Each structure stands twice: as C-alpha cells, then as structure tokens.
Amino acid sequence: MSTAGVFHFQGRAIPFREGETIAAALTAAEIVCFGQDSSGRATRYFCGIGACQCCLVRVDGNIVEACLTPAREGLRVTAAGENDAGA
Amino acid sequence: MPAPDMVIIGGGPAGLAAAGEAARAGLTVTLIEQRAALGGAIFRQPSSGEVVALPRSRAAERLWRSLLAGIAQPKVKVRFSTSFLGVDGDGHVLIHDRAAQTVERLRPKAVIIACGAVERVRLRPGWDLPGVATAGGLQVMMKETGAAPRGRVLLAGSGPLLVALAAQMIRAGNPPLAVVEAGDPLSKPLAGLPLVGHPAILSEAVSYTMTLLRSRVRWLRGAHVERIERRGEVLQATVALRDGSREVIEADRIGLHDGIAENDIGLPDQAESASPIVIHAGDCREALGALGAILDGQRAGRRAAALVKNETVSMASLDKQLERARAVQRAIARLFGPVVTLPGAGELPDDTVLCRCEGRTVGDLKALLQQPGISGREVKHVGRFAMGSCQGRFCAANTTALMAELQAGGRRPEQQDLTGQRWPVRPTPIAAFVNAGPLDPAEDKEELS
C-alpha cells in the first residue's frame, strides 16, 4: 500500500498512509512509547477511542490524542510533555 | 445558520440510529463525531479506500447500511473531527472543530450523548506499560489498517471480544500467542442457550470460536495474567494457570480486556422541561452490544423528538426488544463468568499503578485510607486519584472498588464521588476558545428582546 506522506516524530521521519491516524503510523513504525507526558509518565496507544488520554502527543504545538488525529504531511509531532514553544 | 433542534454526540450505532429517528420525526440534527469517519468502535471504518477491510458478517453489513441510509437526508448534518466540550451554565452546547480550530456554541433543544462503552481493565502490575493496550484498542486499529497487530501478541482478560479478536488475527495471518481467559465458556454451554433466539449473534460467536479452536492458538481458560514486566524490548507476562502453576509468556504486545462498561462519566440525563434536554443512548447508558445500541439510539431519538414536540410516543416495542438484548448480555456474562478466584486489588503489590495519568499506586491509596472515613472526593482532591487527563474514565471504577475492599463497613463509594458530574475536558487550545464564533442569530435576537 502506498505512502501518502511523512511526518516527523521526535526528529524521526514517519511514513503514513492516506487517512491513517498518528497512532496507527507510529505503531506501524514499531514505536510503542509516544514519549513522556507533563508528569514524566510514558504515553502510549491504549484504548483507541479517545477516552483514556494515554496517547496524548503534541502536534505543531497543540496537545491531541494520537489515536484520533489523522496524520498529515510535514506535521511536527513531539512528546506531550515537551514544551516546544521555543523550537 | 439556525441552531439545530438536536445535537448528537458520537457517530457510532446509537448516535446514527438516534439521528435517523429524530430526523424522521421532523427534527434538524447536527451529529458530531470526534474522528474523521463514522462507525464508532464496532463499525470502525478502514482509514482509506486502499485498505482491505476485515471481513464483516452479512448481518453486520446490513445494519451498517441501514444506519447510513437513515441519516442520508438533509435534516441531518454530520460534523467530523469535532469534539464535545460540554454544556455551559446557559445551556449552550460547546463543540470544538479541530480542523478549523474554533469552538462553537450551539443552542439545541435536545442533546443525545452516544459516546459508547469503555473497556474494563483489571489492575495487574504492568498494565500501564507501553506495548500494553486494550484488546478493543488493538481491534479498532486492525479495522482501520486492515492488518493484524505485528509481532508476538498475547491477549488476556475475559469476554467474547478476546475470542473475536483472536479469530480476526488468525484470519489476518498473525495468530496471537495465546488467549488467557478467566472464564471457561466451553464448560457451560447451557448458559449460552438464550443466544439461540438470535441467529446473527450466535452464528458470529460460533464462527469465531471455531476459528480459535481449529487453530494452534492456546486458549488458556480459567487462567489470568498476574503481572507484566518489561525486559528490554520484550514484555513478560506471568500467567497463573488453572492448575495453580505459573507460566511466563514473552510478547511484543499485550491486549487486555475484562469486559465492557458504560462510558457514563459526565453529564447526567435531564429530560422533562430541561434546556437542553440531555439523554444518553447506547452503550454509554447501558452496555448492550451493537444491536442493543441501535435500539437504544432509536429509543432516545424518538423520545427526545417527542419531548421537543411535546407529544407522547409509545416505546413498548423498542423496550421489549431491548429486554431481549439484555437477556443476551446476561447469557454472555454467565458464559464468561470467571471459574477461578481472581486476586482482589488489595492483594496486589503496593507499587501497582492504579491511576495512570497521575502515577498513583495501590500503596498510595492504602496510605490515604489510613485516615478513617476519608471520602471519595477527598481521595480525589488530596490523593489526586482520577484527577489526571482521563478524569477517571479508566481509574475511578478500580479506585472505588479498592476503597470498598479496604474500607469495610463504611459507605460504599461511588464512581461519581471521584468524577463529579461534568463532562470530562478534552485537549482544546486556548486559541480555539478565542476564536469562538457568535451565537446563532435567532438567539441573539431572543437575548435582546
């Protein structure tokens, strides 16, 4: 199946397919830990329905659930706990 | 743009059925869905046309098509990638359009909340490790991507979802290592008798079970995963087998599932003369499975429309069908009832994480409960249980269960003591509130007059 584009997670280029969520693309890249949240705990894919808030990541500065958010070309995805205001 | 008569939260079976029913009764409906596609968990759609969808039964396909047909009409508007933020003190429904990054205020006469179920996950040391997901979480990702989770996958807990997921993984070419099941449905076939009246459900159940039994996948019934540890890249699950022995299974991913619970945290129902009317529908009101969710969605749509139009409507036929859906759920619960005694949360090691978001442990709660008569509210505000970003959706039930276990004789704490009665907040940038649009013109006029 064809790659629709690439986004960046913690500096690593992650390919994604059309319509895929950030969580699905990270999982396909065999990334199980999505970084740390603001209290230093590991975030990761868990419930897949936007309820557990365990897969929070920061996308272009905003916190979102990776399991709900479609991947898009060129997005900058970092750990939820990372303050990238100065980056 | 005029305000819709009704706002429906959630585009799964209950929300879609409610929308179809309300529109048929003449109401305008805005249905908001947090994802980019309709379906909910049970009818989760492949993420693009390129993905080869998992095979679905003909009965499921028919249900899905009839739900879509019900909303294919001008009175129903669907908003994708939009989250519900709650109802404010003036009765405005706040929604967040994540693509436009704006918050909007709507003033409908009725709100139907159809946000589905959450999975129960029993506490075990290591349940919170990366690589451990809910079995339902693994399953919805499989529906989206068309591919089984990769690597060595262990499924554990209890319930028919584990059997269904195992069968789907077998058919998709990556069978799980094993299915660890606390119950033993094969030992009590009579408990499944009520399913005979529901050929569609029965044939699906038999088909999944036969796929599992014909495979080489070990179905360890009467067993449970005691703890999970991470050793480098590998997860090690210690399984307590039925004969009392232990076995360590190494896996790359573990899917846990201990049943389904109502996702009912947040707003309570408010019907007669409230503004707006709030009604819960489907699995978030009562977990009855997909068929039950459709019936309950129809019921909620019909009831809300009647309340808005000040009419009376008979629910007798739907109520009767819902009662049958309840009988099916009871039969399934009996079939999968545990055949071994599972450890109570109080017997778990003190460092077992209870509330993941705040990193609070079983030991933290035990220490807190040394104070006599401490309430659920205090456990939240002093102990920070259910205070984090999931706002109790995954820890409140476990926390109150452990409180009840340890505070013998006291008032049994309720989940609501920890979660309160407001809609759990969702990540929303402040800019989206700043961009909040004006109220609809009709209401502005009303406020001026």
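Outside the structural domain of residue B:212 (by TED's automatic domain parsing) and either closer than 30 Å to residue B:25 by Cα or touching a Phe, Trp or Tyr at 6+ places or on another chain (Cβ under 7 Å) (or both): which single residue out of B:99, B:133, B:114 fits that description?
Values: B:99 fails: either closer than 30 Å to residue B:25 by Cα or touching a Phe, Trp or Tyr at 6+ places or on another chain (Cβ under 7 Å) (or both); B:133 fails: outside the structural domain of residue B:212 (by TED's automatic domain parsing).
So the residue among B:99, B:133, B:114 that is outside the structural domain of residue B:212 (by TED's automatic domain parsing) and either closer than 30 Å to residue B:25 by Cα or touching a Phe, Trp or Tyr at 6+ places or on another chain (Cβ under 7 Å) (or both) is B:114.
On the stretch given as segment A:28-87, residues that are closer than 27 Å to residue B:80 by Cα, more than 8 Å from chain B (Cβ to nearest Cβ) and among the charged types (D, E, K, R) total 5. Restricting B:185, B:194 to residues that are in contact with a helix residue (DSSP H, G or I) (Cβ under 8 Å, 6 or more places away or on another chain), at pLDDT below 95, surrounded by 15 or more Cβ atoms within 10 Å (Cβ to Cβ) and of a type outside the set (A, V, I, L, M) narrows the list to B:194. Considering only residues in segment B:117-130 that are hydrophobic (A, V, I, L, M, F, W, C) and touching a Phe, Trp or Tyr at 6+ places or on another chain (Cβ under 9 Å), the one that is farthest from the other protein chains (Cβ to nearest Cβ) turns out to be B:121. Residue B:190 passes every criterion in (1) without any contact (Cβ under 8 Å) to a residue 60 or more places away in the chain; (2) farther than 16 Å from residue B:335 by Cβ apart from (2).
One residue stands out among those in segment B:21-56 that are farther than 21 Å from residue B:4 by Cβ and of a type in the set (D, E, K, R): the one that is nearest to the chain's Cα centre (by Cα), which is B:44. For segment B:10-45, the set of residues classified as closer than 12 Å to residue B:111 by Cβ, more than 14 Å from chain A (Cβ to nearest Cβ) and of a type in the set (Gly, Ala, Ser) consists of B:18, B:22, listed by residue number. Scanning segment B:371-408 for residues that are at pLDDT 90 or above, in a loop (DSSP other than H, G, I, E, B) and more than 13 Å from chain A (Cβ to nearest Cβ) yields B:382, B:383, B:385. Within segment A:1-27, being within 11 Å of chain B (Cβ to nearest Cβ), assigned to a loop (DSSP other than H, G, I, E, B) and within 15 Å of residue A:71 (Cα to Cα) holds for A:2, A:3, A:4, A:17, A:18, A:19, A:20.
Selection over segment B:222-257 of residues that are closer than 16 Å to residue B:339 by Cβ, of a type in the set (A, V, I, L, M) and part of a strand (DSSP E or B) gives a count of 3.
Can we say residue B:148 is touching a residue at least 40 places away in the same chain (Cβ under 8 Å) and in contact with a helix residue (DSSP H, G or I) (Cβ under 8 Å, 6 or more places away or on another chain)? So that I can check it myself, show each step before the final result.
Numbers: touching a residue at least 40 places away in the same chain (Cβ under 8 Å): no; in contact with a helix residue (DSSP H, G or I) (Cβ under 8 Å, 6 or more places away or on another chain): yes.
No; evaluated as a whole, the condition is false for this residue.
Among the residues making up segment B:57-94, those that are within 14 Å of chain A (Cβ to nearest Cβ) and in a loop (DSSP other than H, G, I, E, B) are B:80, B:81.
Out of A:43, A:27, one residue alone is over 9 Å from the mean Cα position of the chain (by Cα), in contact (Cβ under 8 Å) with a residue 24 or more places away in the chain and closer than 18 Å to residue B:131 by Cβ. It is A:43. What about residue A:7, is it aromatic (Phe, Trp, Tyr) and crowded, with 24+ Cβ neighbours inside 10 Å? No, not satisfied.
Determine whether residue B:356 is surrounded by 20 or more Cβ atoms within 10 Å (Cβ to Cβ), out of contact with any helix residue (DSSP H, G or I) (no Cβ under 9 Å at 6 or more places or on another chain) and touching a residue at least 40 places away in the same chain (Cβ under 8 Å). Working first, answer last.
Working: surrounded by 20 or more Cβ atoms within 10 Å (Cβ to Cβ): yes; out of contact with any helix residue (DSSP H, G or I) (no Cβ under 9 Å at 6 or more places or on another chain): yes; touching a residue at least 40 places away in the same chain (Cβ under 8 Å): yes.
Yes, satisfied.
In segment B:296-323, the residues that are on the phi > 0 side of the Ramachandran plot form no Cβ pair under 7 Å with any partner that is in a loop (DSSP other than H, G, I, E, B), whether six or more places apart or across chains.
Here are B:156, B:166: which of them is under 24 Å from residue B:234 (Cα atoms), out of contact with any Phe, Trp or Tyr (no Cβ under 9 Å at 6 or more places or on another chain) and either in contact (Cβ under 8 Å) with a residue 40 or more places away in the chain or among the polar types (S, T, N, Q) (or both)? Outline the logic, then answer.
Working: B:166 fails: out of contact with any Phe, Trp or Tyr (no Cβ under 9 Å at 6 or more places or on another chain).
Of B:156, B:166, the one residue that is under 24 Å from residue B:234 (Cα atoms), out of contact with any Phe, Trp or Tyr (no Cβ under 9 Å at 6 or more places or on another chain) and either in contact (Cβ under 8 Å) with a residue 40 or more places away in the chain or among the polar types (S, T, N, Q) (or both) is B:156.
Considering segment B:296-344, and only residues there that are within 24 Å of residue B:257 (Cα to Cα) and β-branched (Val, Ile, Thr), the residue that is surrounded by the most Cβ atoms within 10 Å (Cβ to Cβ) turns out to be B:332.
The values are calculated or read from the model by the stated rules, or taken from the named source; none is laboratory data. Quick caveat: nothing in here was measured; it's all calculated off a predicted structure. Don't worry about glycine lacking a Cβ; one is built from the backbone with ideal geometry, like all the others, and counts go over all protein chains shown.
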